[in-house]
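Shown next, in structure tokens, is the structure this report addresses.
The values are calculated or read from the model by the stated rules, or taken from the named source; none is laboratory data. Since the model is a prediction, treat every value here as computed from it, not as a measurement. Positions of Cβ are generated from backbone atoms using ideal geometry, with glycine treated the same way; all protein chains shown enter the neighbour counts.
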Ligand code: ASP
């Protein structure tokens, strides 16, 4: 039996899900618990690029009162940042030298939209929102997504690599070593989740994915339940890191479901990172993955496999960067 299969077998034997005896409404559970950092409204986003994104999101929330507008406009800041090598059209290409982009957006009532493997669209998050609002579908991919962008009047960007991305790509071409690694030096996605003063939630997630990935590779970010999940009854979660590991555990959905069962956002993130490690034992030392979560009351948490993951937290008292705790040190 391959070691991968052996690990999988072991983890299936050792992973037991304990369901609560009586299912309480999540709101009752929050009331029962000593909620220490709860204070809504709240906006949280991954990595330090989240600080600028939060600032924009917060001002949009103030101006429009819409948490959906806030999470869309917030991540657009990062999508448009020419200094970002890991989120937008200025990012690192795939191994064919083409930048392909993924994004998803979700509302607390379950409405959602996403796009994946799309080229030339600067604001994929807006395209994902249009999929949600203008089509009967959830997800559009590749050329179909690009055609839909055109049909919606969105402008396509010229397909030229940013000079720094081109330089990195030319360097990578020398060895062409295919190692799909995401660690502290090589991280991408901005995932943003937020709750307004009335407990309405929304989330967004957008990325250029793994640097020098196989053409056509899609990670967790545009997959509802993996890279993002939002439920107005409970809370929201988003993920960053090696997407394959996150998809295998339906990571963001699982965080929200654990909060539904009574875990705090911090406890839920920790439990899902534990599950992710169980399911991805091969190569765990070389990869990074992390989750952030917020519940309806504005209580939040974050956790990662390895040190180095941080997230930006915006509330009434300001916008700060917090270092996530991690399973390994
Ligand atoms: N999760 C993204 C992906 O796998 C990348 C990242 O968050 O760093 O495409």
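Data for the structure
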read-out: Test: residue in region 168-175 that is in a loop (DSSP other than H, G, I, E, B) and touching a residue at least 12 places away in the same chain (Cβ under 8 Å); value: no
read-out: Residues within region 94-106 that are under 19 Å from residue 123 (Cβ atoms), more than 14 Å from the chain's Cα centre (by Cα) and within 14 Å of the ligand (Cβ to nearest atom), tallied; value: 2
read-out: Check on residue 273, part of a helix (DSSP H, G or I), out of contact with any helix residue (DSSP H, G or I) (no Cβ under 6 Å at 6 or more places or on another chain), in contact (Cβ under 8 Å) with a residue 40 or more places away in the chain and away from the ligand (no atom under 12 Å from the Cβ); value: yes
read-out: Of all residues making up region 107-132, the number that are part of a helix (DSSP H, G or I) and either over 17 Å from the mean Cα position of the chain (by Cα) or at pLDDT below 95 (or both); value: 3
read-out: Test: residue in region 41-64 that is touching a strand residue (DSSP E or B) at 6+ places or on another chain (Cβ under 6 Å), within 20 Å of residue 154 (Cα to Cα), at pLDDT 85 or above and in a loop (DSSP other than H, G, I, E, B); value: no
read-out: When residues of region 218-241 are limited to those that are over 11 Å from the mean Cα position of the chain (by Cα) and more than 8 Å from the ligand (Cβ to nearest atom), the one surrounded by the fewest Cβ atoms within 10 Å (Cβ to Cβ); value: 233
read-out: Qualifying residue in region 185-197 (condition: within 16 Å of the ligand (Cβ to nearest atom), surrounded by fewer than 12 Cβ atoms within 10 Å (Cβ to Cβ), at pLDDT below 95 and closer than 28 Å to residue 44 by Cα); value: yes
